[in-house]
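Since the structure comes first, as structure tokens, the remarks are kept for the end.
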Amino acid sequence: MTPLIRLSAPRLVLVSAMIAATSVPARAATPAEQLATFSAAAAAPAQPMRGRQFFAATHGREWSCASCHGAIPTAEGKHAGTGKPIGPLAPTFNPQRFSDTAKTEKWFRRNCNDVLGRECTPGEKADVLAWLMSLAK
């Protein structure tokens, strides 16, 4: 018979948290919920026009957000380096956009690094998402 592993209460809590963190699926969310989260983290309301300007700017690097997603991201874009097609970024034109918090964070992290050379701040994310949400059919 295999002996039981005994864990102290703090270690049991830590192991349980580690198991939960690796087994929890990505949380579905709405663009509005994610905007509220970014705005709260920034401690300021989002400014859509500032998001539009941010989206179009190069920030001292080769690419802007618009380089791949298009100046007005309501249609399919194309990756500036690989040419791979990219679906519309504006949530009204692509309901899958900003519907999963883990994916949203993953793509903000990757794309902000390409455009800025760093992660975006919560305020930058809020501004861009607010502008994208303002784009309507």
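The values are calculated or read from the model by the stated rules, or taken from the named source; none is laboratory data. Everything quoted here is computed from the prediction, not taken from an experiment. All Cβ positions, even for glycine, are placed from backbone atoms using ideal geometry, and neighbour counts span all protein chains on display.
Which count do you get for residues in region 47-73 that are out of contact with any strand residue (DSSP E or B) (no Cβ under 7 Å at 6 or more places or on another chain) and more than 11 Å from VAL115 (Cα to Cα)?
Taking region 47-73 and keeping what is out of contact with any strand residue (DSSP E or B) (no Cβ under 7 Å at 6 or more places or on another chain), we get 47-67, 71-73.
Subsequent filtering for residues that are more than 11 Å from VAL115 (Cα to Cα) retains 47-53, 71-73.
The number of residues fulfilling the criteria is 10.
When GLU33 is tested against the conditions (1) part of a loop (DSSP other than H, G, I, E, B); (2) under 22 Å from THR101 (Cβ atoms), the lone failure is (1).
Taking the conditions (1) of a type outside the set (A, V, I, L, M, F, W, C); (2) modelled with pLDDT of 95 or more; (3) more than 23 Å from SER39 (Cβ to Cβ); (4) surrounded by fewer than 18 Cβ atoms within 10 Å (Cβ to Cβ) in turn, SER67 satisfies each one other than (4). Scanning region 74-87 turns up at least one residue that is touching a strand residue (DSSP E or B) at 6+ places or on another chain (Cβ under 9 Å) and within 20 Å of ALA29 (Cβ to Cβ). For GLY117, the criteria (1) within 21 Å of ALA32 (Cα to Cα); (2) touching a residue at least 40 places away in the same chain (Cβ under 8 Å) hold in every case but one, which is (1). Which one is surrounded by the most Cβ atoms within 10 Å (Cβ to Cβ), of the residues in region 117-134 that are over 21 Å from THR74 (Cα atoms) and of a type in the set (D, E, K, R)? For region 117-134, the residue satisfying everything is GLU119.
Can you name the condition, by its number, that HIS79 falls short on among (1) without any contact (Cβ under 8 Å) to a residue 24 or more places away in the chain; (2) over 18 Å from the mean Cα position of the chain (by Cα); (3) more than 20 Å from TRP131 (Cα to Cα)? Of (1) without any contact (Cβ under 8 Å) to a residue 24 or more places away in the chain; (2) over 18 Å from the mean Cα position of the chain (by Cα); (3) more than 20 Å from TRP131 (Cα to Cα), only one is false for HIS79: (2). Among all positions in region 106-116, there is no residue which is at pLDDT 95 or above, under 15 Å from MET133 (Cα atoms) and surrounded by 17 or more Cβ atoms within 10 Å (Cβ to Cβ).
If I filter region 85-105 down to residues being of a type in the set (A, V, I, L, M, F, W, C) and assigned to a loop (DSSP other than H, G, I, E, B), which single residue comes out as surrounded by the fewest Cβ atoms within 10 Å (Cβ to Cβ)?
Applying the first criterion (of a type in the set (A, V, I, L, M, F, W, C)) to region 85-105 yields 86, 89-90, 93, 98, 102.
Next, only the ones that are assigned to a loop (DSSP other than H, G, I, E, B) stay: 89-90, 93, 98.
On the way: LEU89: 27, ALA90: 22, PHE93: 18, PHE98: 24.
Applying the filter and picking the extreme gives PHE93.
The residue list ALA29, ALA57, ALA43 contains one member that is surrounded by 13 or more Cβ atoms within 10 Å (Cβ to Cβ), without any contact (Cβ under 8 Å) to a residue 60 or more places away in the chain and of a type in the set (Gly, Ala, Ser), which is ALA57.
Evaluation of THR82 against the conditions (1) at pLDDT 95 or above; (2) assigned to a loop (DSSP other than H, G, I, E, B); (3) hydroxyl-bearing (Ser, Thr, Tyr) shows that the sole unmet condition is (1).
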